[in-house]
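Only one structure is covered here, and it is reproduced in the block below.
The values are calculated or read from the model by the stated rules, or taken from the named source; none is laboratory data. Only a predicted model underlies this, so the values are computations on that prediction, with no experimental measurement involved. In this analysis, Cβ positions are derived from the backbone assuming ideal geometry, glycine residues included, and neighbour counts consider all displayed protein chains.
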Amino acid sequence: MTTASKKAGCVFCDALEINDDRRSHILFRGRLNFVIMNIYPYNSGHVMIVPFEHVASPLEAPEGQTEEMVDLLKLCQAALARAYKAEGFNIGMNIGKCAGAGVLDHYHLHIVPRWGGDTNYITVLGETRVLAEELDSSYNRLLPHFERASERPEDLP
Ligand SMILES: [Zn+2]
């Protein structure tokens, strides 16, 4: 994994720096991206795919990073479908302050699982919701699905 361009005080760079993936709620480390739970989720099982590099936009991304991000999107969808029986997904990015980015200069891809009748309409840009399930139990529920992918990458969806 790359160690280039980290920024202290950035929630994603700090989560990587701690080097305690359970504490940081990091589910998976790829070659150029990692998967982390959102600590302010829109729905149970809300995860994010984040580049190791501290970059503000896909336009600044290092070679291969956006491609791996899409591969990991498939992994996340499959894990959420298995662990949560997700029936649908909101998937998206907020790039730039006017677009509602919470972490301005380290871009990331949100994956929010959805179920028929789970709430009234919410979007990826919506408000943080009160959750029935605690973050740690979400982590424990999802982790085995990501561990399986680390051990057997040929089984990646
Ligand atoms: Zn960062």
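Within the span defined as region 6-16, one or more residues are basic (Lys, Arg), buried (at least 16 other Cβ atoms within 10 Å of the Cβ) and either within 12 Å of the ligand (Cβ to nearest atom) or assigned to a loop (DSSP other than H, G, I, E, B) (or both). Scanning region 95-114 for residues that are more than 14 Å from LEU59 (Cα to Cα) and modelled with pLDDT under 95 yields a total of 11.
From the list PRO62, PRO51, PRO58, the lone residue that is within 19 Å of CYS10 (Cα to Cα) and in contact with an Asp or Glu (Cβ under 6 Å, 6 or more places away or on another chain) is PRO62.
For region 17-72, the tally of residues that are under 20 Å from ASN94 (Cα atoms), hydroxyl-bearing (Ser, Thr, Tyr) and modelled with pLDDT under 95 stands at 3. If you check PHE34 against the conditions, is it within 12 Å of the ligand (Cβ to nearest atom) and either surrounded by fewer than 19 Cβ atoms within 10 Å (Cβ to Cβ) or under 13 Å from the mean Cα position of the chain (by Cα) (or both)? Yes.
The set of residues in region 17-31 that are within 15 Å of SER150 (Cβ to Cβ), buried (at least 16 other Cβ atoms within 10 Å of the Cβ) and more than 14 Å from the ligand (Cβ to nearest atom) comprises ASP21, LEU27, PHE28, ARG29, GLY30.
Mind listing whichever residues of region 62-71 are without any contact (Cβ under 8 Å) to a residue 24 or more places away in the chain and either surrounded by fewer than 15 Cβ atoms within 10 Å (Cβ to Cβ) or outside any helix (DSSP H, G or I) (or both)? Passing the criteria: GLU63, GLU67, VAL70.
Would you check if there is a residue in region 42-57 being aliphatic (A, V, I, L, M), within 11 Å of the ligand (Cβ to nearest atom) and surrounded by fewer than 22 Cβ atoms within 10 Å (Cβ to Cβ)? Scanning region 42-57, I find at least one residue that is aliphatic (A, V, I, L, M), within 11 Å of the ligand (Cβ to nearest atom) and surrounded by fewer than 22 Cβ atoms within 10 Å (Cβ to Cβ), so the answer is yes. The condition of being under 23 Å from ARG31 (Cβ atoms), within 16 Å of the ligand (Cβ to nearest atom) and of a type in the set (Gly, Ala, Ser) does not hold for ALA101. Does GLY102 satisfy the criteria of being outside any strand (DSSP E or B), out of contact with any Cys (no Cβ under 9 Å at 6 or more places or on another chain) and surrounded by fewer than 17 Cβ atoms within 10 Å (Cβ to Cβ)? It is true that GLY102 is outside any strand (DSSP E or B), out of contact with any Cys (no Cβ under 9 Å at 6 or more places or on another chain) and surrounded by fewer than 17 Cβ atoms within 10 Å (Cβ to Cβ).
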